[in-house]
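No value in this document is a laboratory result; all are computed from the given coordinates. Predicted model only: the values in this text are computed from it and were never measured. Here Cβ is always computed from backbone atoms with ideal geometry, including for glycine, and neighbour counts include all displayed protein chains.
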Amino acid sequence: MRKNLPICSPGLCRHWLSALLLTVHLPVAALTFDLPREGNDLVGKLYRVKATAGQTLVDIAEQHGLGFNEVKSANPGLDPWLIRTGQEVLIPARFILPPGPREGIVINLAEYRLYYYPRAAEQVMTYPIGIGRAGWDTPTGTSRVRGKAKDPWWRVPESVKRERLERGEKMPDFIPPGKDNPIGRHALTLDMPGYLLHGTNKNFGVGTRISHGCIRLYPKDIETLFNLVPEGTPVTIVNTPSKAGWWDNELYLEVQELTGPDKNQTTNLTPVIQAIVEARKGRQIAVNWDKAMGEGKLASGIPISVGSPPREVTPAG
């Protein structure tokens, strides 16, 4: 049985309040957590909700600050479109923070998730994202927020015009602000030419591979980032399907289901091994490799404990 994380910190108390509000079906704010103390890497918790009449996984994911794919992976066997009223749905709101510096914006394409570390606060805010679909892959790399645009016009790229023309649709050069603008009401421009963090007029695409390469967020989430993130903020984009990290003296593993061009590498467990080896950092730990390899194949996207300090053996006699 998986152990729940302690939930006594102020950040997680706020999360409990959000969960309480959800029981009366009000929208929630972003998932915001206090950073874990030094040497720890996990934030959040798992919890369950009961579906209301007419809800789909798309609705439930958005209501709880999650994307479609991560909720679907956490609930195998559940029909995402035909959920019974009162049926329980697992909300996978527990995360291992991505490896590397905890500063600025960190985007992990493999988990369809953005992490923002506000400069003046010991906190992390995390949001689900939509990323580039097959053939329009979102690139990895480092960049910075170059500027902001509210109610932007969308200059339709020539590549998009050609794609639509092949389907018999002729696209204009520009699309004005409004309900037909696919980049929504807010956008952050990057130093990577042609790539944006932006909103959407189709919320169901958040948490999937759907865009032409840009990072797509729920409208309320990009508005929050628009108001909080200063120009010049560093942006790091990685593609890390296997993460390992610590909570107290336990080692946790989180593995994402591979999609897109990587989906045929699901039998390659080398990234799982590498993540665990790098996270050990010389600590004395007994790793349950069978459990780790099992999760590597299952790829539930949920952090599970795979190691703890070795037990001391008292000599006989």
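Per-structure values
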{"quantity": "Inter-label distance for residue 163 and residue 202, nm, one decimal - labels placed 7 Å from Cα along Cα-to-Cβ", "calculated": "1.0 nm"}
{"quantity": "Candidates 92, 80, 193: whichever shows maximal mean-square fluctuation once the chain is modelled as a Gaussian network with Cα springs under 10 Å", "calculated": "193"}
{"quantity": "Candidate aspartates and glutamates - alpha carbon under 17 Å from residue 72, same-chain residues fewer than 8 apart omitted", "calculated": "59, 62, 88, 111, 254, 257, 295"}
{"quantity": "Proximal lysines relative to residue 179, as straight alpha-carbon distance under 16 Å, when same-chain residues fewer than 8 apart are discounted", "calculated": "150, 202, 220"}
{"quantity": "Residue 308 versus residue 38: modelled label distance in nm, points set 7 Å from Cα along the beta carbon direction", "calculated": "2.6 nm"}
{"quantity": "Mean Cα-pair separation over length for the chain, i.e. relative contact order, pairs under 8 Å, 6 or more apart, %", "calculated": "18 percent"}
{"quantity": "Net charge dipole size for the chain [Lys, Arg +1 and Asp, Glu -1 on Cβ; Debye, nearest 20]", "calculated": "280 debye"}
{"quantity": "Normalised alpha carbon radius of gyration of the stretch 242-308 [divisor 2.2 N^0.38 Å]", "calculated": "1.06"}
{"quantity": "Distance in nm between pseudo-label sites at residue 146 and residue 179 (7 Å out along the Cβ direction from Cα)", "calculated": "3.3 nm"}
{"quantity": "With at most 15 neighbouring Cβ atoms within 10 Å, loop chymotrypsin sites (Phe, Trp or Tyr not before Pro) (DSSP) excluded, longest segment of the chain", "calculated": "154-317"}
{"quantity": "Rg(Cα) / (2.2 N^0.38 Å) computed for the chain, rounded to two decimals", "calculated": "1.04"}
{"quantity": "Sites residue 155 and residue 123 - FRET efficiency at Förster radius 30 Å, r taken between beta-carbons, to 0.05", "calculated": "0.30"}
{"quantity": "Residue exposure sequence - 250, 103 - by fewest surrounding Cβ within 10 Å", "calculated": "103, 250"}
{"quantity": "FRET efficiency, residue 170 to residue 137 (Cβ-Cβ, R0 30 Å, nearest 0.05)", "calculated": "0.70"}
{"quantity": "Potential extension, residue 87-residue 289 segment - 0.36 nm per residue separation minus Cα distance", "calculated": "69.3 nm"}
